[in-house]
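Rule-based calculations on the coordinates, nothing more; no lab input. All values reported here derive from a predicted model rather than from experimental measurement. Using ideal geometry, Cβ is built from the backbone for each residue, glycine included, and neighbour counts are taken over all protein chains shown.
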Amino acid sequence: MLAAVPPTLSLLTPTGFPDYELLDSGHFAKLERFGAHVVARPEPQALWAPALTPSEWDRRAGATFTRAASGGAGSGGGGDKGQWKIKSGMPEQWWLEYALPDVARAPLRFRLGLSSFKHVGLFPEQEVNWRWLYARCRALTAGGGPPPKVLNLFAYTGAASLAMRAAGADVAHLDAVRQVNFWSRENMEASGLDGIRWLVDDALGFVRRQARRGTRYQGIVLDPPAYGRGPDGEKWVLEDHLYELLTLSKELLDDTQPHFFLLNLYSLGFSGLILDSLGRDLFGTVPNREVGELYLPDGAGRTLPLGTFWRFFSY
């Protein structure tokens, strides 16, 4: 029997995103600054007590999200629908900029908005992955060859897609919600980019078809939710479908060329050790492998965990 060799887990947090700040967290909520605007919204992993008083939260927050009665304070998905209490002067939509590591390039621009599911259109902890993806694609395009073909699944409003496109990649962006792809396109155009291919599809059904056709990509990015629905009502359950999705994704990854892969999960119960065992089971021994957890530090120095990742690149 082989002795288990646990991986070294990386703990990563954004380092180049001054327009975002986690001001405080606790009692299953977080107080955040996005540019000039502050919002308070639920956070199921903030089990501790806030450092600031309730009156200070109320004073600072321009908008506060309250879950519908069916969602408990500490519940995960399914309890996130609710409504915002918006103060006078707080816009329902605004823009945020993110400067890529290449300072010569204009920043990416993201339209933020107050959705009925507590989201605002951006996951700031993912800045760690945007930076990594930009570097991976820049390395592939530096020699002046054809742009690498990359696939972004469960792509939401497209921050990762924009980072890869800004680095010169040929990006296919897939999300099951047409309106979200419209939102992503707005972000692309506002960022001075073009050429992203927009796909409204069920992710698992799409990769099944791509595998049958023998399509290959040099980069694949996945950020699947715990639960979801495809555009035609296809049901997605992470525990039931993740293994097949990753198996097919491996088939789509072109290992005859330099390639990269990134899996990110924000789902309670999926640790970095689980992702590493899963990745090694499917991909075997890979170069430049990294596994760990994303987090945001709050104003009182606590670390709020916000997902796990497993990634590697071959070059």
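General observations
- Pairs of lysines in the range 9-313 (C-alpha under 28 Å apart; 8 or more residues apart or interchain): 12
- Förster-model FRET efficiency, 30 Å R0, F182 and R208, C-beta, rounded to 0.05: 0.70
- In this structure, the amide hydrogen of D24, modeled 1.01 Å from its nitrogen in the peptide plane, lies closer than 5 angstrom to those of L31, G299, counting only residues at least 5 positions away or on a different chain.
- Computed from point charges on the beta carbon alone (+1 for Lys and Arg, -1 for Asp and Glu), the dipole magnitude for the range 9-313 about its Cα centre is near 380 Debye.
- Distance histogram in 20 Å bins (all Cα pairs of the chain, percent per bin): 31, 60, 8, 0
- Estimated inter-spin distance, R60 and Y227, nm [label 7 Å along Cα→Cβ]: 3.2
- Dividing the summed -39500 (n - 2.57) terms of all DSSP H runs of n ≥ 4 by the residue count of the chain sets its mean residue ellipticity at 222 nm at -8000 deg cm²/dmol.
- Only alpha carbons enter this Debye calculation for the range 241-315, each as an equal point scatterer, and the log10 of I(q)/I(0) it gives at q = 0.13, 0.26, 0.27 Å⁻¹ is -0.43, -1.27, -1.33.
- Folded to 0 to 90 degrees: helix 203-213 orientation relative to the chain principal axis, Cα: 10
- Rounded to 5, percent antiparallel among DSSP beta bridges of the chain: 60
- Each peptide among 5-18, 138-151, 254-267 gets the average number of other Cβ atoms lying within 10 Å of its residues, and from highest to lowest they stand as 254-267, 138-151, 5-18.
- Annotation: extensible slack from S314 through T247 equals 22.3 nm (criterion: 0.36 nm per residue apart, minus Cα-Cα distance).
- Placing pseudo-labels 7 Å out from each Cα toward the beta carbon at I86 and Q257 gives an inter-label distance of 4.4 nm.
- Which of N264, G143, L11, positive extreme of dipole for the range 9-313 (C-beta unit charges): G143
- Nearest 10 degrees, 0 to 90: helix 178-190 Cα axis against the chain principal axis: 90
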